[in-house]
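To keep things clear, I will list the structure first and then write my remarks on it.
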Amino acid sequence: NISTVLESIDERFGDQNLGAVILSTDGIFNEGKSPIYATIDNNIPIASIALGDTTIKKDLLISTILHNKIAYLGDKFNVQVDVQAFNGVGSRSQLKLYKIKGDQKTLLETESISINKNNYFNTYNFELDASEDGNNTYRAELSAIKNESTVVNNAKRFYVEVLDARQKILIVANAPHPDLRTIKQLLESNKNYELEIAYAKDEISAIAQKDMVIFHDLPSAKNDITNLNAQLKKRNIPTFYIVGSQTNVKKLNQLQSLVTIKGENKSQNDAQAILATQFNGYTIDDLTKQRLKKLVPLKVPFGDFTPYSKSEILAYQKIGNVETKFPLALFLEEQNQKTAMLLGEGIWKWNLTEFAQFENNEATADFLLKMIQYLSQKEDKRKFRVFSAQNSYKENEAVFFDAQLYNKNYELINTPDAFITLKNQKGKQFEYTFSKNDNYYKLDAGRFSEGNYSYVARTSFAGEQYEAKGKFAVQAIEKEQYDLTARHDLLYALGEKTGGKVFYPNTIHEIDDYLANEKVLKPLLIQNSSTEKLLNIKWLALAIAFLLFIEWFLRRFFGHY
């Protein structure tokens, strides 16, 4: 990174009498911007000693790979591979793209390359599937051509971190219902949601792995969800109740605190949605506001509705021509659990009527998806958190970690010791202890060789054990192998820009004469003047006082004043 060197010199010595800079280099830069555009004082001449070989050798190489550093599970991402060849006209090669996992290589894509000129350059694009979460390793390889000067630069690895951002949503239903298919269709239109439908009569397992549970038409007379609901509260899993004709209102009142319903199970009203003007949880699109007024009513229980004082009401019921203060959709966050309720069934009718009128279902989707998004927003409540400074490091970079531990009042502390274990892809482990800094932890783990790594950090406080996990990758530095031709033209341009000159190893002795004879090193005369109080010069003050005393003495002695 030559430009960084020059800019550093300018920052450190720019205000001093810097006569010249002598730069010994081959002119090849493989990081940073071109030295020609470095921010330096053009009055400082740069004398370059031109090293390296400017002969263009026969070589085929992968010059650059451009790719997403982060992709999301289930998505596709693009990879751009730039291929160069010098003095290889008429040669043929193959570009292969592999996925690396441990010692296994899986071939993903192949491209044939026909080199039709001596200074060859071409870009090849690939579209890959993000099918596995974590740090994924890929390798692009070029088959060698005849008499190639080096094959080290024929291959290059790159890393893509695939994040599983999908939220696992479980719908527990009382019985089959048209609403279920509509909800599933609308939610699965968003790639961030993974949906599963189960029925209350079935055995429901792995509830702890769910990010949200939607109860449809539950609890009912036949299906009690008290135990399942208790598990959700214990784990603070967001819960969404959709009330239907089979919902047991009395049991529902016992399970949640959003609203109290006084009415009959068998009786229902037709209610349209009127959005609450005072709701500030999120913004409703104007299109949704307009279309909701034109959609068919939902079926809601007949009775009185008393919302909890802390509930946030999204929409009220409009029964006939009367806009009531009975809630239709509302939210509540209490004791670290978020809950929501839609007091009516018939989402499937909304979907059909909107499509019939407007040939799309944008309002229905917007209403439902935003309720799900608002309910599923997560706050980081972990009391022990560990962060790696980067997801991907180079071999010459140190790996840094920060850790935070919170007490019950969520105040940062670092009283107990914290430990971390790093493990490479071969299973070798590295043990470290965090150092304490102010009220948090930090660690400089040093440098690591190429590969994928995982880590587990542990600590304990007030009888509780805490653990945090993560992953990172380390990339090999092979840049010196990808540009082998010295760039002396760049050094001449740098000399022309700054008034400098280019020398070669056999003419280094001429640098002395250049600096002296061409007056590159100019002397700097600095003049400084200052004033000082006379009384601060003690000897002079004493001398003057002595002379005044002599004058007084002589005048008095001779009788003159």
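Partner lysines whose Cα lies under 17 Å from the Cα of K58, excluding those fewer than 8 positions away in the same chain, are identified as K117, K146. Per residue, the average separation of C-alpha pairs within less than 8 Å and at least 6 apart gives the chain a relative contact order of 14 percent. List the residues of the stretch 35-77 whose backbone N lies under 17 Å from a point placed 7 Å from the Cα of N118 along the Cα-to-Cβ direction. So the set is 54-60. Measuring against 20 Å, Cα to Cα, the residue pairs K168/K378; K101/K471; K191/K289 contain K191/K289 as the ones spanning a longer distance. Positive end of the dipole of the stretch 119-268 (Cβ unit charges, origin at the Cα centre): among L170, L195, S149, the Cα lying farthest that way belongs to L170. Exposure check, 1.4 Å probe, all protein chains in place: H177 carries approximately 50 Å² of accessible surface.
Assign one of three labels to the chain, namely rounded, prolate or oblate, based on the Cα gyration tensor with a ≥ b ≥ c the square roots of its eigenvalues; rounded applies when a/c is under 1.5, prolate when it is not and a/b is larger than b/c, and oblate otherwise. Taking the square roots of the gyration eigenvalues as a ≥ b ≥ c, the chain is oblate. Summarising the strand pairing of the chain, around 75 percent of its internal DSSP beta bridges are antiparallel. In this structure, the residue pairs whose Cα-Cα separation is over 30 Å, taken from K394/K436; K184/K318; K76/K293, are K76/K293.
Report the full-extension gain for the segment A165 to N517: residue separation times 0.36 nm, less the Cα-Cα distance, to one decimal in nm. Extending this stretch completely gives an extra 120.0 nm. Of all beta bridges that DSSP places with both ends in the stretch 80-235, some 70 percent have antiparallel geometry. The long axis of helix 538-558 is offset from the longest Cα principal axis of the chain by roughly 60 degrees. Considering only Cα-Cα distances, which of the following residue pairs are longer than 28 Å: K234/K349; K234/K310; K233/K349? Pairs exceeding the cut-off: K234/K349; K233/K349. For the stretch 157-243, the relative contact order comes to 33 percent (Cα pairs under 8 Å, sequence separation of at least 6).
In the complete set of protein chains, residue-level accessible area for R166 is approximately 80 Å², probe 1.4 angstrom. A crude spin-label estimate for the pair N17 and N236, with each label 7 Å from Cα along the Cβ direction, gives 6.7 nm. Seen against the Cα atoms of the chain and their longest principal axis, helix 347-358 is set at about 70 degrees. Once the Cα atoms are used to define both axes, helix 2-13 deviates from the longest principal axis of the chain by about 60 degrees.
For the stretch 1-119, give the share of DSSP beta bridges that are antiparallel, in percent and rounded to the nearest 5; count only bridges with both residues there. Walk me through the numbers before you get to the answer.
Working: 19 of 24 bridges.
Counting DSSP beta bridges with both partners in the stretch 1-119, the antiparallel share is about 80 percent.
For K522, the lysines whose Cα comes closer than 27 Å to its Cα, not counting residues fewer than 8 places off in the same chain, are K497, K501.
Say each of H509 and L108 gets a label point 7 Å from the Cα, pointing the same way as Cα to Cβ; how far apart are those two points in nm? Output for this residue pair reads 5.8 nm. For the stretch 391-407, the residues whose amide N sits under 18 Å from a probe point set 7 Å from the Cα of N1 along the beta carbon direction are 391-400.
Summary value for the stretch 104-217: 24 percent relative contact order, contacts being C-alpha pairs under 8 angstrom separated by 6+ residues. The 3J(HN,Hα) values that the Karplus relation (6.51, -1.76, 1.60; θ = phi - 60°) gives for the stretch 435-442 are, in residue order, 8, 9, 9, 6, 10, 9, 10, 8 Hz. Gly and Pro appear as x.
Pulled fully out, how much extra length does the chain show between N439 and K146, if you take 0.36 nm times their separation in residues and subtract their Cα-Cα distance? Present the calculation step by step, with values, prior to reporting the outcome.
Numbers: separation 293, 0.36 × 293 = 105.48 nm, distance 6.13 nm.
Result: 99.3 nm gained on full extension.
The residue list Y159, G134, G495 was ranked by how far each Cα lies along the charge dipole of the chain toward its positive end, using unit charges on Cβ atoms, and G134 comes out on top.
Please work out the FRET efficiency for the pair I274 and E333, using the Cβ-Cβ distance as r and a Förster radius of 35 Å; give the result to the nearest 0.05.
Details: r = 23 Å, r/R0 = 0.67.
Efficiency at R0 = 35 Å is approximately 0.90.
Give me the extension gain from A545 to Q80: residue separation times 0.36 nm, minus the current Cα-Cα distance, reported in nm with one decimal.
On the way: separation 465, 0.36 × 465 = 167.40 nm, distance 8.87 nm.
Net length gain for the segment: 158.5 nm.
Of the chymotrypsin sites (Phe, Trp or Tyr not before Pro) in the stretch 397-449, the ones in a loop by DSSP (not H, G, I, E or B) with at most 15 other beta carbons within 10 Å are Y410.
Report the charge-dipole magnitude of the stretch 85-175 in Debye, nearest 20, computed about the Cα centre from +1 at each Lys and Arg Cβ and -1 at each Asp and Glu Cβ.
On the way: 12 positive and 11 negative charges, 59 e Å.
Charge dipole, the stretch 85-175, about its Cα centre: 280 debye, nearest 20.
The calculated FRET efficiency for K250 paired with I197, based on their beta-carbon distance and R0 = 30 Å, is about 0.70.
How large is the helix-only mean residue ellipticity at 222 nm for the chain, computed as the sum of -39500 (n - 2.57) over DSSP H runs with n ≥ 4, divided by its residue count, in deg cm²/dmol to the nearest 500? Please report the intermediate quantities before stating the final value.
On the way: 10 runs with 114 residues, N = 561.
Roughly -6000 deg cm²/dmol at 222 nm, from the helical runs in the chain.
The values are calculated or read from the model by the stated rules, or taken from the named source; none is laboratory data. On a predicted model such as this, the values are computed, not experimentally measured, just so you know. Positions of Cβ are backbone-derived with ideal geometry, glycine not excepted, and every protein chain shown enters the neighbour counts. Keep in mind that these areas ignore ligands, DNA and RNA; they rest on the heavy atoms of the full protein, side chains included. Shrake-Rupley method; radii C 1.70, N 1.55, O 1.52, S 1.80 Å.
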